[in-house]
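Here is the structure we will look at.
Please treat every number below as a calculation from the coordinates, not as lab data. Everything numeric here is computed off the predicted structure, so don't read it as measured data. Every residue, glycine among them, receives a Cβ derived from its backbone with ideal geometry; neighbour counts consider all protein chains shown.
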2 protein chains.
Amino acid sequence: MPGGERHERIDLAQRRAGLCRSLHAETTDIVAIEMSPVNHQVRLAARPSGLPRPSDWDLTVQDIPTPAAGEFVVAISHLSLDPAMRGWMNAGASYIEPVEIGDVMRAGAVGRVSASQHPGFAVGDHVYGNFGVQEYALSDGKGVIKIDPSLAPLPTYLGTLGMTGMTAYFGLLEVGALKEGDTVVVSGAAGAVGSVVGQIAKIKGARVIGIAGGEEKCRWLVDELGFDAAIDYKAQDVRRALREDAPDGVDVYFDNVGGDILDAVLTRLARGARIVICGAVSQYNATDGVRGPNNYLSLLVARASMTGMVVFDYAARYGEAAAELAGWLRDGRLISREDIVDGGVNAFPDALLKLFSGENTGKLVLRVGSD
Amino acid sequence: MPGGERHERIDLAQRRAGLCRSLHAETTDIVAIEMSPVNHQVRLAARPSGLPRPSDWDLTVQDIPTPAAGEFVVAISHLSLDPAMRGWMNAGASYIEPVEIGDVMRAGAVGRVSASQHPGFAVGDHVYGNFGVQEYALSDGKGVIKIDPSLAPLPTYLGTLGMTGMTAYFGLLEVGALKEGDTVVVSGAAGAVGSVVGQIAKIKGARVIGIAGGEEKCRWLVDELGFDAAIDYKAQDVRRALREDAPDGVDVYFDNVGGDILDAVLTRLARGARIVICGAVSQYNATDGVRGPNNYLSLLVARASMTGMVVFDYAARYGEAAAELAGWLRDGRLISREDIVDGGVNAFPDALLKLFSGENTGKLVLRVGSD
């Protein structure tokens, strides 16, 4: 067990019943999660093949950590659920180290400092950090940001004012080099990043076409978020729809999905188009390997580029982006939508799957504790 | 027949015998090509599926054209053979219009002005232009460049000092944004563009690894052209070889081939790598469609870009590049190698196939007439 942490595995059947056993209980009495003075955690048990299964996770309990000098403890209120998590579960080098078997699953989270021996963080401070899928996290403050719940609800700091918003902002404006008047296409448009990308593009004077799954999501994009058009990839031929909605071609394509949709957009590039590769949610659970874009030679025809982006590279400029995004939120020009799942950390394995079935609209967040 | 040109089709069996019938001969006497005072041409007869077959071409003869006012005639000495020609034979939009069925096949060529009614071009001038697969071309001077055979042999104006050299120069330095100290990998390294790319990269202070087919080509790259390493993709595992030859990753990959080699290099990208998509000779004759790079998500991991290039975009700067390339040639820092095929225009269909079987080393050129 890494770091010699003491934790006890919870039987999956108990978890399914939404219950768990406290380490502190001398008896085998069942205690509701909300009342248990322990730290429930979700650990990686096995590297999945395809969609993560219940057996890929260990649900464990641990004593709530006690901070040493220079440390503090965060009582987590909300966890961020991200398609990228699927990649972190795989072995091998990527843009970030994989989560090791037996480790608490990596996750961005917000919460409140519940105990502190750290001069920079006081009990009651609200914070964002990479706290993991658990109820309480011990931290030395590295990578932790203080957040202000009076400016925006805590989950918004996981979405529009968090990594999601940063990804959309820098991906579109820096990597995509958006210019006023551009035609922008974004896939996963009703998802966390996509919905922010499209709105920023509108604010910056672009024509915006969203690609999403289902009539309801598409209606939301056009009616609520102000997209110029939305393509329902489940009901429409994306390539044909793009010919109508982007008759002069696509200047910026922000890709969250890969697969057939990436191939369809490649056939409609304008000269000098920029494709931002942010993710490929259609490919993350492929058991027979990722399928690349067969139409990639359109890059040559269009003198276009396809560039990968990782938000961490812009860490030094998060403040600048957050200030601009917060301003747009305040002015009502940007709508932040969070899709909040209840059930505590033990609901994490099922909640994660919603990202891959396309069930969520906006930022998918797991509520773990009280604000 | 486009433009109402008068031409007569030659039987393929005659072409195979290396002979043709003159339109001017009243009898059926056989006359050697070299002696015939007519214009032999190769026209597109059908759009190929897979590798072009003899039946995809019409070999025709025509009277030598007579220039009207503002026109001149070029007696072509050498034709450029390019993998891109395969793409020009397909229907549909690309970076350039397809060659129409019945038209003389498009080709860059060099030759000498043999008749002129154009004030800018005198009989005896040597010129480069898009003259097509024929012995004599009528021109109004559009896109025609005068060349100096005392500075370099005529075929060099199809290679290092022609479109080949321009493609290598702008692709590597502009699209690839080469920096001193970069590790550069080039595929099709013993080919026309690749061999120039690698040499320019060496001149500019990069470490250069060429990927080519066969021991002989690889030896030539290292021993004659000064590449730091060469990988024989027919005998070696490219991915493993790159791990040894580019231990710190690849900063610039200049891709002429696509397919498995592109996928292999994608696994070895350095942070911020630039992939220049110049061509995909491994894919041009695929009958089941182009296969894209399945490892494209490495772009994300490496924050890398993949950008398509078409040399025509740099037309305004050809002079600048040609001057620098000519200087390197003169100083012996750059070696220009042309692989010259004899046989006249009727040998074009077979000669073209050498590009796809990987038989040529350096720039493949078809000799059509005397310098």
**Asked** Between A:D288, A:D148, A:D248, which gets the highest mean-square fluctuation from a Gaussian network model of chain A, Cα cutoff 10 Å?
**Response** A:D288
**Request:** Quick one: which residues, 5 or more positions from B:E338 or on another chain, have an amide H under 5 Å from its amide H? H modelled 1.01 Å from N in the peptide plane, none for Pro or chain starts.
**Result:** B:K363
**Request:** Please say if the protein assembly as shown is rounded, prolate or oblate, where rounded means a/c under 1.5 for a ≥ b ≥ c the square roots of the C-alpha gyration tensor eigenvalues, and otherwise the choice is prolate for a/b larger than b/c and oblate otherwise?
**Result:** prolate
**Fill in**
GNM of chain B, Cα pairs under 10 angstrom: of B:S94, B:S114, B:S139, the biggest fluctuation goes to B:S94
**Request:** Could you tell me which of rounded, prolate or oblate describes the range B:171-262, using a ≥ b ≥ c as the square roots of the eigenvalues of the alpha-carbon gyration tensor, with rounded for a/c under 1.5 and, failing that, prolate when a/b is larger than b/c and oblate otherwise?
**Result:** rounded
**Request:** Would you look at the GNM of chain A, springs on alpha carbons closer than 10 Å, and say which of A:I211, A:I277, A:I96 moves the most?
**Result:** A:I96
**Asked** Among the lysines, which have Cα under 23 Å from the Cα of A:K202 when same-chain residues fewer than 8 positions away are ignored?
**Response** A:K179, A:K217, A:K363
**Asked** Got a sec to turn the phi values of the range A:194-209 into Karplus ³J(HN,Hα) couplings, 6.51 cos²θ - 1.76 cosθ + 1.60 with θ = phi - 60°, whole Hz, x for Gly and Pro?
**Response** x, 5, 6, 3, x, 5, 4, 4, 4, 4, 8, x, 9, 8, 10, 10
**Message:** Using each residue's phi in the range A:343-351, evaluate 6.51 cos²θ - 1.76 cosθ + 1.60 at θ = phi - 60° and report the 3J(HN,Hα) Karplus result to the nearest Hz, with x for Gly and Pro.
**Reply:** x, x, 4, 5, 7, 4, x, 6, 4
**Sites excluded, trypsin sites (Lys or Arg not before Pro) in DSSP loops with at most 16 other C-beta within 10 Å, longest stretch of chain B** = B:7-141
**Asked** With each run of n ≥ 4 DSSP H residues scored as -39500 (n - 2.57), what mean residue ellipticity at 222 nm is computed for the protein assembly as shown after dividing by its residue count and rounding to the nearest 500 deg cm²/dmol?
**Response** -5500 deg cm²/dmol
**Asked** How many Cβ atoms of partner chains, on average, are near each residue of A:281-292 if near means within 10 Å of its Cβ?
**Response** 2
**Item:** For the range A:259-269, 3J(HN,Hα) per residue [Karplus equation, 6.51 cos²θ - 1.76 cosθ + 1.60, θ = phi - 60°, Hz, x = Gly/Pro]
**Value:** x, 4, 6, 4, 4, 5, 5, 4, 7, 10, 6
**Request:** Using a/c under 1.5 as the rounded threshold, could you call chain A rounded, prolate or oblate? The axes a ≥ b ≥ c are square roots of the C-alpha gyration tensor eigenvalues, and prolate needs a/b larger than b/c, oblate otherwise.
**Result:** prolate
